[in-house]
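Notes follow the structure.
The values are calculated or read from the model by the stated rules, or taken from the named source; none is laboratory data. What you see is a predicted model; the values in this text were computed from it and never measured. Cβ placement follows ideal geometry from the backbone for every residue including glycine, while neighbour counts extend to all protein chains displayed.
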Amino acid sequence: MSEDLPAVPQRMARIETVTFDGDDLIAVVLDGEGVAVPVRTLCLALGLDVSNQVDRLREHDVLARGLRMVKVPLEGRVRSVVAILHDYIPFWLGTINPSQVRDEVREKLVRYQIELKDLLAAVYGTTTPLADTADVQTLQQQLRATLHELRVLREQFLSTTQQLGEQVNAQDLRMTMIEGLLDERLGTIARQVADQQQLLDEYIAITPAQQQHIKGTIQRLAKRHQQRTGQETYAKLFGDFCWELNVPRYDALPASQYADALAWLRRKASELGYPDLVQEQQEGMF
């Protein structure tokens, strides 16, 4: 099958050679995106069918977003090939059933799933944060200013109510008008606070402690299942988690989705028959 994919953006970028687990991999550094590795080189290293894997990646709603068409030196000439961004590699490899690879490379597949992304991120020289720090700080300042205005208005309302209460008979109409105006303003501010809080939740990722709780729970589930069945399932559990939560890794999970992640852990633990491995007291960690 041809790897010519006109729907995937063509990129020219710096080419690096990365040695990992005894394999020489081509790393294409894409400014602003990270590092892309030709799908062909990864498939050959793991003994996977290239055409089959390319088709699976193109048809996957999430993984297709990580595909890029890049030019690399191959077999004595520069060729255009399909590559996948390093952030998507653990997700992709997590969807591969260990039975699809030879017995002697199954442990190698696990190492590729867990360690390769970090090596490629180091080649790129930086990591892409979930949100720009300046944007988050601006939102936080706006939220604090709005809450301050809300407190001032409440104090003014209480003071005005007290003063008007002494002249209630003569000021009924005026008080009604003031209360109406204040209620309208308070409602507007409350909506602004909710909107700004929602933006903060979408910008801010879960804390390192929350990341470790999720990862540790998945590792415990995989270990218990391996002890009972002899099957190594961490990669599959990690792939399922990324697929259902629509994230490429733990530290990319927005804070607003942490409750969904905990619900996924409880459901998965119940399906596997190990509900005792999910520690409920960790739900409120910050």
Of residues in the stretch 44-69 being surrounded by 16 or more Cβ atoms within 10 Å (Cβ to Cβ) and more than 25 Å from the chain's Cα centre (by Cα), the one nearest to residue 14 (Cα to Cα): 45
Could you tell me whether any residue of the stretch 98-118 is small (Gly, Ala, Ser), outside the structural domain of residue 239 (by TED's automatic domain parsing), at pLDDT below 85 and surrounded by fewer than 19 Cβ atoms within 10 Å (Cβ to Cβ)? yes
By my count, helices (runs of 4 or more DSSP H) wholly in the stretch 197-286 with at least 3 residues that are farther than 20 Å from residue 97 by Cβ and modelled with pLDDT of 90 or more are 208-229, 258-272
Just to verify a result, which residue in the stretch 11-31, among those that are of a type outside the set (A, V, I, L, M, F, W, C) and touching a residue at least 24 places away in the same chain (Cβ under 8 Å), is nearest to residue 106 (Cα to Cα)? 21
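Residues are listed down the side, and each one gets a yes or a no for (1) closer than 24 Å to residue 115 by Cα; (2) in contact with a strand residue (DSSP E or B) (Cβ under 9 Å, 6 or more places away or on another chain):
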site	(1), (2)
55	no, no
62	yes, no
78	no, yes
82	yes, yes
Condition check: in contact (Cβ under 8 Å) with a residue 40 or more places away in the chain and either farther than 21 Å from residue 86 by Cα or outside the structural domain of residue 116 (by TED's automatic domain parsing) (or both). Does residue 255 satisfy that? yes
Filter the strands (runs of 3 or more DSSP E) completely within the stretch 8-118 down to those with at least 3 residues that are in contact with a His (Cβ under 9 Å, 6 or more places away or on another chain) and either within 15 Å of residue 239 (Cα to Cα) or of a type in the set (Phe, Trp, Tyr) (or both). none
